[in-house]
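The values are calculated or read from the model by the stated rules, or taken from the named source; none is laboratory data. Everything quoted here is computed from the prediction, not taken from an experiment. Because the Cβ atoms are built from the backbone with ideal geometry, glycine has one as well, and the counts that use them run over all protein chains shown.
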Amino acid sequence: MQNFLKYILQDRNANQDANAKSRFVTMMFRSAQILGSLPAPLTVFSSFYRILYALIIEWIMGIEIPWNTKIESNLRLLHGVGLVINHETVIGNNCTLRHATTIGNKQLVDGSWSGAPRIGNNVDIGANVVIIGAITIGDNVVIGAGSVVVKDIPSGAVVAGNPAKIIRIRANEIKSVVAVAEVALQRS
């Protein structure tokens, strides 16, 4: 029971300064993840909870985070209304998502669908952002409000615009890349 509570409350600290809705949504999401993986005899209860989750979180609150989306700990939601995440999306630790944001796949020219984005750790996503396609967002990235991201973004980048362009790379990320390169040169 203690592990269950620890799991469903893992995002609580990240949302302390956010509104109560953010804490409620993340608790419901984490509960749905646990209950969604229950063994066969309990699938009726699991199915009922997932329907309840969809009714409350998606239909009433207007936040689409499918219960089977892979999201690491300390997810921070700011407002959240109009937030839509594709269930194949992968989101790392300590990420912040704001309202009116869409993260998902896109239909390709041949009619098939692309994969969904993979978002690294410590990513701060502004309001009204669109991130689509089988792209990778590195760690420690900041995506400005209203941006449309359709290409990979390297770690430490600050991006904005439609389409999103790199405004700058943070100094501490440049230092870590240089340090890794120096170690690689020393080994060769």
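Which of the residues spanning region 15-36 are closer than 17 Å to E72 by Cβ and under 16 Å from the mean Cα position of the chain (by Cα)?
N15, S22, V25, T26, M27, F29, R30, Q33
R98 passes all but one of (1) closer than 20 Å to I132 by Cβ; (2) more than 18 Å from the chain's Cα centre (by Cα); (3) among the basic types (K, R); which number fails?
Among (1) closer than 20 Å to I132 by Cβ; (2) more than 18 Å from the chain's Cα centre (by Cα); (3) among the basic types (K, R), R98 violates only (2).
For residues in region 103-147 being of a type in the set (S, T, N, Q) and assigned to a loop (DSSP other than H, G, I, E, B), which is nearest to I167 (Cα to Cα)? Reasoning before the result, please.
Going through region 103-147, the residues of a type in the set (S, T, N, Q) turn out to be 105, 107, 112, 114, 121-122, 128, 136, 140, 147.
Then keep just the ones that are assigned to a loop (DSSP other than H, G, I, E, B); that gives 105, 112, 114, 121-122, 128, 140, 147.
On the way: N105: 25, S112: 32, S114: 27, N121: 19, N122: 18, N128: 18, N140: 14, S147: 12 Å.
The selected residue is S147.
Considering each residue of region 61-85, count those that are free of Cβ contacts under 8 Å to residues at least 60 places away in the same chain, closer than 18 Å to A127 by Cα and surrounded by fewer than 21 Cβ atoms within 10 Å (Cβ to Cβ), and give that number. Before the answer, list the steps.
As a first pass, look at region 61-85 and keep what is free of Cβ contacts under 8 Å to residues at least 60 places away in the same chain: 61-72, 80-85.
If we keep only those that are closer than 18 Å to A127 by Cα as well, we get 61-65, 80-85.
This time we only want the ones that are surrounded by fewer than 21 Cβ atoms within 10 Å (Cβ to Cβ), so: 61-62, 64, 81-82, 84.
Looking only at that region, the number is 6.
Name the pairs whose Cβ atoms lie under 8 Å apart, with the first residue in region 1-30 and touching a residue at least 12 places away in the same chain (Cβ under 8 Å), the second of a type in the set (D, E) and surrounded by 18 or more Cβ atoms within 10 Å (Cβ to Cβ), and 6 or more positions between them or separate chains?
Short answer, once both residue conditions are applied: R23/D11; T26/D11; M27/D11; R30/D11.
If you go through region 32-47 one residue at a time, do you hit one that is part of a helix (DSSP H, G or I), farther than 30 Å from R170 by Cα, touching a Leu at 6+ places or on another chain (Cβ under 7 Å) and not aromatic (F, W, Y)?
yes
Residues checked against (1) of a type in the set (A, V, I, L, M); (2) surrounded by 13 or more Cβ atoms within 10 Å (Cβ to Cβ); (3) assigned to a helix (DSSP H, G or I):
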{"site": "L5", "(1), (2), (3)": "yes, no, yes"}
{"site": "K21", "(1), (2), (3)": "no, yes, yes"}
{"site": "Y49", "(1), (2), (3)": "no, yes, yes"}
{"site": "L55", "(1), (2), (3)": "yes, no, yes"}
{"site": "W59", "(1), (2), (3)": "no, no, yes"}
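Could you check, for region 149-162, whether at least one of its residues is within 28 Å of K21 (Cβ to Cβ), surrounded by 15 or more Cβ atoms within 10 Å (Cβ to Cβ), among the polar types (S, T, N, Q) and free of Cβ contacts under 8 Å to residues at least 40 places away in the same chain?
no
Can you say whether I167 is in contact (Cβ under 8 Å) with a residue 24 or more places away in the chain and part of a strand (DSSP E or B), as far as the supplied structure shows? Give the steps one after another, and end with the answer.
Values: in contact (Cβ under 8 Å) with a residue 24 or more places away in the chain: no; part of a strand (DSSP E or B): yes.
Answer is no for this residue.
Under the condition of being in contact with a Gly (Cβ under 9 Å, 6 or more places away or on another chain) and over 22 Å from W113 (Cα atoms), which residue from region 68-81 is modelled with the lowest pLDDT? Before you say what the answer is, go through the steps one by one.
Residues of region 68-81 in contact with a Gly (Cβ under 9 Å, 6 or more places away or on another chain): 68, 71-72, 80-81.
Retained after the next criterion (residues that are over 22 Å from W113 (Cα atoms)): 72, 80-81.
Working: E72: 97, G80: 87, V81: 93.
That would be G80.
Out of (1) over 28 Å from Y7 (Cα atoms); (2) among the hydroxyl-bearing types (S, T, Y); (3) surrounded by fewer than 20 Cβ atoms within 10 Å (Cβ to Cβ); (4) modelled with pLDDT of 95 or more, the odd one out for S176 is which?
(4)
May I ask you to say which residue of R12, R76 is basic (K, R), under 29 Å from A134 (Cβ atoms) and under 19 Å from the mean Cα position of the chain (by Cα)? Can you show your working first?
Values: R12 fails: under 29 Å from A134 (Cβ atoms).
Going through R12, R76 in turn, just one is basic (K, R), under 29 Å from A134 (Cβ atoms) and under 19 Å from the mean Cα position of the chain (by Cα): R76.
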